[in-house]
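Worksheet: one structure, shown below.
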Amino acid sequence: MSLNILMVEDDTSVAEMMGMFFRKEGWKQDIAVDGVEAVDKFKKNPASYDLITLDLNLPKKDGIQVAKEVRAISPTVPIIMLTARGSEEDQVLGLGVGADDYVTKPFSPLALIARIKALHRRVMMEGGQDTPQTKSDVDYDIETQHLKISVDRREVLFDGKPVANITPKEFDLLFTMAQKPKQVFSREQLLELVWGYEYYGEDRTVDAHIKKLRQKLEKVGPQVIKTVWGVGYKFDDSQVKS
């Protein structure tokens with residue numbers, strides 16, 4: 001697996017350490033030391049980066065603003081946010097503006113590499129990179145009463161209208177729940193099923209992603225992700241009027 005990573009990190013020692021581990025994996029690393037430089041580098045050639053690691057506390061422009069501007073350019077490039085230990089509100093905020101995952105500092109380089117591999121593998125499995133079309137225009141992996149999902153094309157249609165700018169994790173959440181309409185998933189189940197590895201984050205991670213996904217779904221139709229209070233979430237479009 002060959003990756004080109006944009007690491008946004010103002011701590012030189014951290015960047016150098018991670019660069020050493022990335023080179024051992026055969027990955028390339030481009031470093032931005034502040035938020036302005038990060039956005040400028042990404043704007044120049046967004047297609048050249050497979051993933052971004054983004055420190056939250058940056059000079060000139062913080063990680064939250066960088067994530068917003070990156071997402072305006074690319075709704076799908078994977079972003080792992082690096083945050084200070086204990087800053088749960090910042091973590092949820094970062095996820096809310098489009099980060100796919102977060103790792104708390106101080107972190108193990110091997111743990112970060114594992115997160116990178118897991119996230120990239122999931123994006124590739126879902127067709128996050130441009131690939132030749134192998135399915136017909138009418139063939140979908142999931143078809144419910146109102147929703148259609150194509151994994152290869154990363155396409156979500158609601159009553160024929162495309163749901164735009166879904167991030168990898170939002171796509172995962174919707175796909176997971178839509179596979180079993182009306183089944184209630186706890187936050188813990190969604191963390192395990194969607195994130196795909198042993199996860200040490202708070203269940204508010206799921207809430208943040210669900211909120212953003214709902215906002216995008218509501219742009220094309222009524223809400224089909226239901227909250228089951230005290231339990232979790234479910235997908236149900238059976239009550240939506242045609």
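Brief remarks follow.
- On the basis of the beta-carbon distance and an R0 of 35 Å, K219 and K105 show a calculated FRET efficiency of 0.50.
- Each Cα pair under 8 Å and six or more residues apart adds its separation to the average, and for the chain the resulting relative contact order is 14 percent.
- Label sites at V36 and K182, each approximated as a point 7 angstrom past Cα along Cα to Cβ, lie 5.7 nm apart.
- Under 26 Å from the Cα of K24 - lysines, other chains or at least 8 residues apart: K41, K105, K117
- Rounded to the nearest 20, the Cβ-based charge dipole of the chain about its Cα centre (Lys and Arg +1, Asp and Glu -1) stands at 460 debye.
- Under 22 Å from the Cα of K148 - lysines, other chains or at least 8 residues apart: K135, K161, K169, K180, K182, K211, K212, K216, K219, K226, K234, K241
- Within the accessible surface of the chain, defined with a 1.4 Å probe on protein heavy atoms only, the carbon and sulfur portion equals 50 percent.
- Backbone amide hydrogens, once placed in the peptide plane, bring Q183 within less than 5 Å of F235, excluding anything fewer than 5 places away on its chain.
The values are calculated or read from the model by the stated rules, or taken from the named source; none is laboratory data. None of the values given here were measured: they were computed from a predicted structure. Neighbour counts run over all protein chains shown; Cβ positions are idealised from the backbone, glycine included. These accessible areas exclude ligands, DNA and RNA; they are computed on the full protein's heavy atoms, side chains included. Shrake-Rupley method; radii C 1.70, N 1.55, O 1.52, S 1.80 Å.
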